[in-house]
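Below is one structure; the comments refer to it alone.
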Amino acid sequence: MGYTQQLQVAEFAARKAGAVLRARFHEVHAVDEALAHDIKLRLDKETQALIEAELAAAYPDYAVLGEERADATADAATPRWVIDPIDGTVNYFYGIPIFCVSIALSVQGQTVLGCVYDPMQDECFTVVQGGAPCLNGKPICVSSRSRMADAVLFIGHGTHDGSGATGIARFAHISAQVRKIRILGSAALTLCYIAAGRFDAYIENRINLWDFAAARIILEAAGGCLEYTPTTADGLSGSVIAWNGKLPIHAALQLS
Ligand code: IPD
Ligand code: CA
């Protein structure tokens, strides 16, 4: 596979960052910014810097688009790492051990690899373009559930004003149709759980590219689907519907 070496570097960086997050999990963390529905930690920035340093040591010419820092828009030919140093920062801050490190590589606008590492479970989800999606090196695939009545569905409660309310309205609409609804608090892990067949679908009306770039290629390689509708001019934020490729998710949402 063309990007196997880059995947190894991404996994090394994700595991190194994850080890720091695991070691520091029980600390009281410095808050850089507290918003109505979100928290930014000093550690978010420190973790991205650590990841960037590892990636740059191997690939000094690649650009970065990260939750905490991004290079000025490079030309499309320059490969770009898409990094979320802590996906699930609110969970992390509140001592809930559900969060991950997410790293993707985009080349000519196409994601060519994804690595999502959950340090608390020591679970690493990976894929390289054209290859098999894996969890700790073993192939994974989506569930075979095709009836909403059998499904466990995730709804995201977004960070931005209004997106939470939309999530609640969807919750009300769909909760009667499925076996269970969950809100995990990490978009990247949620998508990887669908890729691994643990759960079946996920909807959130406003997330950012770095939340799902790595997990998307893992999910799609595992047989799942993800529809992204940008809602900002820069294309970096939008709504996501992801599922195992078998559920009648649009009909259930009455979206078509
Ligand atoms: C958040 C998580 C959460 C989702 C939010 C994201 P962060 O990312 O993925 O599950 O509901 O929309 O912003 O802020 O923890 O990196
Ligand atoms: Ca995130």
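The values are calculated or read from the model by the stated rules, or taken from the named source; none is laboratory data. Bear in mind that the values here come from a model prediction, so they are computed numbers and not experimental data. Cβ: placed from backbone, ideal geometry, glycine included. Neighbour counts: every protein chain shown. Quick note on the areas: whole protein, heavy atoms, side chains included, nothing else; ligands and nucleic acids left out. Shrake-Rupley method; radii C 1.70, N 1.55, O 1.52, S 1.80 Å.
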Selected residue (only one of ASP61, ASP32, ASP38 is touching a Leu at 6+ places or on another chain (Cβ under 9 Å) and surrounded by fewer than 17 Cβ atoms within 10 Å (Cβ to Cβ)): ASP32
LEU226 passes all but one of the listed conditions (1) within 15 Å of ligand 1 (Cβ to nearest atom); (2) buried (at least 21 other Cβ atoms within 10 Å of the Cβ); (3) within 28 Å of GLN6 (Cα to Cα); the exception is number (2)
Residues of the stretch 1-15 being open to solvent by 90 Å² or more (accessible area, probe 1.4 Å) and modelled with pLDDT of 95 or more, in sequence order, are GLN5, GLN8, PHE12
Does the stretch 46-58 contain any residue that is at pLDDT below 85 and touching a Lys or Arg at 6+ places or on another chain (Cβ under 7 Å)? no
Within the stretch 1-39, tally of residues that are charged (D, E, K, R), within 22 Å of ILE207 (Cα to Cα) and touching a Ser or Thr at 6+ places or on another chain (Cβ under 7 Å): 1
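Residue-by-condition table, conditions (1) open to solvent by 50 Å² or more (accessible area, probe 1.4 Å); (2) out of contact with any Asp or Glu (no Cβ under 6 Å at 6 or more places or on another chain); (3) more than 20 Å from GLY185 (Cα to Cα):
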residue: GLU67; (1), (2), (3): no, no, no
residue: TRP81; (1), (2), (3): no, yes, yes
residue: PRO85; (1), (2), (3): no, no, no
residue: TYR94; (1), (2), (3): yes, yes, no
residue: VAL101; (1), (2), (3): no, yes, no
residue: LEU113; (1), (2), (3): no, yes, yes
residue: GLY130; (1), (2), (3): yes, yes, yes
residue: GLY137; (1), (2), (3): yes, yes, yes
So which residues in the stretch 193-220 are farther than 26 Å from ARG147 by Cβ and either touching a His at 6+ places or on another chain (Cβ under 9 Å) or open to solvent by 20 Å² or more (accessible area, probe 1.4 Å) (or both)? ARG206, ASN208, LEU209, TRP210, ILE217
Counting only residues that are free of Cβ contacts under 8 Å to residues at least 60 places away in the same chain and outside the structural domain of TRP210 (by TED's automatic domain parsing), give me the helices (runs of 4 or more DSSP H) lying completely in the stretch 1-113 with at least 3 of them. 4-23, 42-58
Test HIS37 against the stated conditions and say whether it is within 25 Å of THR190 (Cβ to Cβ), in contact with a helix residue (DSSP H, G or I) (Cβ under 9 Å, 6 or more places away or on another chain) and within 11 Å of ligand 1 (Cβ to nearest atom). yes
Boolean, THR159 is surrounded by fewer than 22 Cβ atoms within 10 Å (Cβ to Cβ), of a type in the set (Ser, Thr, Tyr), at pLDDT below 95 and more than 16 Å from ligand 2 (Cβ to nearest atom): no
